[in-house]
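Asker: First the structure, then my questions, so here it is.
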Amino acid sequence: MSKNTRTTRSKPSRHKKPKVSPGGPPEVKPGHPDAHHGAPVKHCQCLCCWAHRRAWKRDEQDHQRAEAWERTYGHLPYDGQVHVAENTSQALREVLGATDVW
């Protein structure tokens, strides 16, 4: 006698992946396997959920700060680059591997 096909099939996960909201971290329902320890729970004020929300905000601030720095200083030469003036010949620029800043 063979087993019923209902018992041999794998069961799909009952938990949906959390959706990322633009205003904050992906929050899950209390029954989700990642609740409290992997993701904050909706409307929960425990220390774990607070820490997840705070880390999410800090990460967002870091990304914004990095983008602002890149917009402001991204065109400037960094260590290992050669900066030359406007009147430098093209041949010297090619030999030095220089980049124009102005």
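Asker: Going by amide H atoms built from the backbone, whose H comes under 5 Å of the H on Val28, apart from near neighbours?
Answerer: Val41, Lys42
Asker: Scan around Val84 for amide H atoms under 5 Å from its own, H built in the peptide plane at 1.01 Å from N, and keep only partners 5 or more places away or cross-chain.
Answerer: For Val84, whose amide H was placed from the backbone, the distant partners under 5 Å are Thr99, Val101.
Asker: Sorting check: for 44-54, 63-73, which peptide has the highest mean count of neighbouring beta carbons within 10 Å, and how do the rest follow?
Answerer: Ranked from most to least packed, the peptides come out as 44-54, 63-73.
Here, each number is a calculation from the coordinates, and none is a lab measurement. Predicted model only: the values in this text are computed from it and were never measured. All Cβ positions, glycine included, derive from the backbone under ideal geometry; neighbour counts span all protein chains shown.
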